[in-house]
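Inspection log for the structure reproduced underneath, given as structure tokens.
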Amino acid sequence: MDRPLEEVFAFFSDANNLEAITPRQLKFHILTPGPIRLEAGARIDYQLTLYGVPVKWATLIERWEPPHEFVDVQLRGPYKVWRHTHRFLAEGKGTRMIDDVAYELPLGPLGRMVEALWARREVAKIFAHRTEVIARRFS
């Protein structure tokens, strides 16, 4: 992105921007009353819809290192494990953003099969959408 590191990190420091970068069909909505101050230990509760089924999700900001990195982990939600590391690197006058997501579905072998057949593709679609929205936002 051709925007300064501090500007890009500030966008991601505002939890309300999660709704803007999430695909509309997920009906993502933050439940935690605002304003939400993102920092280590902050909890965010939200709801989304997966194939018509409402799902409540809670995340914890596990690590907060502005303006270079933060990590959110799922406390409650559809995954057995969800750990999302957001990295921001200054590159010249711009910023490179890197998302690293480690996740595991519940239900052991059945969950691994669902991950291989469906979930991996769905997670990739969500992050592709985020990439498009962010590119438009910072162009």
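Every condition in (1) exposed (fewer than 15 other Cβ atoms within 10 Å of the Cβ); (2) over 23 Å from ALA135 (Cβ atoms); (3) touching a residue at least 12 places away in the same chain (Cβ under 8 Å); (4) of a type in the set (Val, Ile, Thr) is met by THR59 except one, and the failing one is (1).
Of the residues contained in the range 32-41, none is found to be in contact (Cβ under 8 Å) with a residue 24 or more places away in the chain, β-branched (Val, Ile, Thr) and crowded, with 17+ Cβ neighbours inside 10 Å. The conditions of being free of Cβ contacts under 8 Å to residues at least 40 places away in the same chain, of a type outside the set (A, V, I, L, M) and touching a Lys or Arg at 6+ places or on another chain (Cβ under 7 Å) are not met by THR85.
Given the structure, is PRO67 at pLDDT below 95 and outside any strand (DSSP E or B)? Before the answer, list the steps.
Values: at pLDDT below 95: no; outside any strand (DSSP E or B): yes.
No.
If you go through the range 49-64 and keep only what is among the aromatic types (Phe, Trp, Tyr) and modelled with pLDDT under 95, you end up with just TYR51.
The residues of the range 88-121 that are in a helix (DSSP H, G or I) and either surrounded by 15 or more Cβ atoms within 10 Å (Cβ to Cβ) or not charged (D, E, K, R) (or both), listed by number, are GLY108, PRO109, LEU110, GLY111, MET113, VAL114, GLU115, ALA116, LEU117, TRP118, ALA119. Here ALA20 clears all of (1) within 24 Å of THR131 (Cβ to Cβ); (2) over 14 Å from the mean Cα position of the chain (by Cα); (3) assigned to a helix (DSSP H, G or I) except the condition numbered (2). For GLU39, the conditions (1) at pLDDT 95 or above; (2) under 20 Å from LEU107 (Cα atoms); (3) not β-branched (Val, Ile, Thr); (4) not in a strand (DSSP E or B) are fulfilled apart from (2). Looking for whichever is under 27 Å from PRO4 (Cα atoms) and either of a type in the set (S, T, N, Q) or under 13 Å from the mean Cα position of the chain (by Cα) (or both) here; the options are ARG130, ARG63, ARG96. Which one fits? None of the others qualify; the one that does is ARG130.
The values are calculated or read from the model by the stated rules, or taken from the named source; none is laboratory data. Every value quoted in this text rests on a predicted model; they were computed, and no experiment measured them. Heads up, the Cβs are rebuilt from the backbone with ideal geometry, glycines too, and the neighbour counts pull from every protein chain shown.
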